[in-house]
1. Full-extension gain between residue 417 and residue 287, please, as 0.36 nm times their residue separation minus the C-alpha to C-alpha distance.
2. Does the chain come out rounded, prolate or oblate by the C-alpha gyration tensor, with a ≥ b ≥ c the root eigenvalues, rounded set by a/c under 1.5 and, if not, prolate when a/b is larger than b/c and oblate if not?
3. If r is the Cβ-Cβ distance from residue 207 to residue 269 and R0 is 45 Å, what FRET efficiency results, to the nearest 0.05?
4. For the peptides 28-37, 303-312, what is the packing order when you average, over each peptide's residues, the other Cβ atoms within 10 Å and list the highest mean first?
5. So which chymotrypsin sites (Phe, Trp or Tyr not before Pro) in segment 338-436 pass both tests, a DSSP loop state and at most 11 other Cβ atoms within 10 Å of the Cβ?
6. Just in segment 80-168: which GluC sites (Glu not before Pro) are loop by DSSP and have at most 14 other Cβ atoms within 10 Å?
7. Could you work out the helix-only [θ] at 222 nm for the chain, with each DSSP H run of four or more residues adding -39,500 (n - 2.57) and the total divided by the number of residues, to the nearest 500 deg cm²/dmol?
8. How big is the charge dipole of the chain about its Cα centre, in debye rounded to the nearest 20, if each Lys and Arg gets +1 on its Cβ and each Asp and Glu gets -1 on its Cβ?
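No value in this document is a laboratory result; all are computed from the given coordinates. For clarity, every value in this text was computed on a predicted model and none was experimentally measured. For neighbour counting, all protein chains shown are included, and Cβ atoms are generated from backbone atoms with ideal geometry for every residue, glycine included.
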Amino acid sequence: MSHSVLNADSQGRVINPEALVAQLPALQYVDGALCLEEVDVASLAKTYGTPCYVYSKQAILNVYKAYTDSFAAIDHQICYAVKANSNLAVLGILAQAGAGFDIVSSGELARVLAAGGEASRVVFSGVGKRTDDIRYALEAGIGCFNIESDSELALIQGVAAELGKTAAISLRVNPNVDAKTHPYISTGLKDNKFGISHEKALSVYQQAAAMPNIRIQGIDCHIGSQLTEVAPFIDALDKLIELIDNLRTNGIELEHIDLGGGLGVQYIDETPISIADFAAALLPKLTQLGLKVFFEPGRSIVANAGLLLTRVDVLKPTEHKNFAIVDAAMNDLIRPALYQAEMAIIPSQLATATAGNECTWDIVGAICETGDFLAKDRVLSLAVGDVLAVTGAGAYGFVMSSNYNTRPRSAEVMVSENQHQLVRPREQVAELFATEQLWQA
């Protein structure tokens with residue numbers, strides 16, 4: 001080495017892997033080996049290569065069950081937000097458990113149907129639905145459109161009339177509630193592109209009531225993501241209840257209320273409210289309201305059910321920084337670069353973490369961008385060849401990955417007890433340009 005390795009210092013973040021794993025579902029160290037359910041993740045790295053996403057079937061089902069059990073006292077429907085993780089294996093597991101689905105594109109609807117989901121249990125969100133999206137959804141028989149503008153309402157009326165169908169709708173109301181989360185994942189403020197303002201909602205409902213191919217079904221809101229306390233949900237619910245009362249006064253009756261998703265998870269040291277406490281805080285108002293309740297959780301169902309496995313390729317100490325270059329990069333996991341998200345990175349073997357030579361490292365990828373990092377200033381004991389696990393990677397991991405720098409996207413693997421299965425093979429380089437053509441003048 002041309003430079004000595006910088007020692008761990010007060011600026012480095014120390015994460016106790018055993019303490020963290022004790023608080024995350026489906027993870028455990030067995031004789032020093034990190035296991036997801038009963039499978040040693042280092043063996044998965046050897047079998048499927050790295051980088052590689054791995055998911056726990058039981059962890060997914062346990063969180064889904066926590067939602068259904070916590071809201072069992074009222075009529076409800078849990079619509080998993082497909083955008084969080086759209087792998088067919090994940091969708092299929094939830095479909096078999098009886099879940100509904102929240103989609104934001106016709107492509108996501110196609111995935112849900114391919115995975116065995118019921119179109120009638122699908123809600124279609126998103127600000128930019130096109131004519132072909134609406135036609136496909138109506139022909140499939142989806143349960144409800146979440147309308148985000150009066151122009152979208154008119155478009156859906158037109159497509160439904162052409163098809164001779166009736167479109168069930170709810171309006172996504174923007175309650176102007178500050179979720180106090182990262183600005184990129186805040187969705188309930190006046191400055192956000194989502195939804196119809198609380199003040200304008202009554203007039204849009206009245207427009208909908210006059211349309212022959214529209215059936216008003218519900219009211220919807222979604223104020224943001226990674227919320228760790230219930231107060232913003234209560235504030236949004238109070239505004240929706242006020243609007244529901246106003247709608248009733250004006251002769252418009254609803255069948256359901258949709259409170260969206262956004263419940264946060266623990267990545268490192270966050271302390272999100274539990275699903276049971278979340279439900280207990282909302283149930284008194286929801287019970288009195290007397291409407292069917294929809295929720296659209298995504299991150300909270302799959303984030304901590306997943307890991308990204310990556311291998312240390314190069315250790316590069318300098319006078320100012322120590323860089324550990326791993327084979328995963330921002331094209332595999334963009335959350336740290338895009339949101340400044342801090343995710344835990346822990347060793348697959350505890351012996352690595354207790355070797356007595358811990359140093360402060362930036363964990364970076366091989367992409368030609370300074371913004372290509374998975375974590376900064378982490379105190380770890382590392383050697384070339386070590387397999388590391390990025391926890392909390394089940395949500396907004398693979399789904400946001402890309403082929404930047406012509407890098408194939410990772411394999412995806414599902415684990416159940418002591419079994420594991422490849423649920424998406426690693427892409428091959430030749431596949432990345434197989435549909436491209438040379439210019440021929």
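1. Working: separation 130, 0.36 × 130 = 46.80 nm, distance 3.78 nm.
Once the chain is fully extended between residue 417 and residue 287, it gains 43.0 nm.
2. On the way: a/c = 2.07, a/b = 1.73, b/c = 1.20.
Prolate, since a/c reaches 1.5 and a/b exceeds b/c.
3. Details: r = 47 Å, r/R0 = 1.05.
About 0.45, to the nearest 0.05.
4. Working: 28-37: 17.2, 303-312: 26.8.
Ranked by mean Cβ neighbours within 10 Å, highest first: 303-312, 28-37.
5. Values: sites: 339, 361, 373, 396, 398, 404, 433; in loops: 396, 404, 433.
Counting only loop positions with at most 11 other Cβ atoms within 10 Å, the chymotrypsin sites (Phe, Trp or Tyr not before Pro) in segment 338-436 are 433.
6. Details: sites: 108, 118, 139, 148, 152, 162; in loops: 118, 148.
Hits after loop and neighbour filter: nothing returned.
7. Values: 14 runs with 129 residues, N = 441.
Helix contribution divided over all residues of the chain: -8500 deg cm²/dmol.
8. Details: 32 positive and 50 negative charges, 117 e Å.
My answer is approximately 560 debye.
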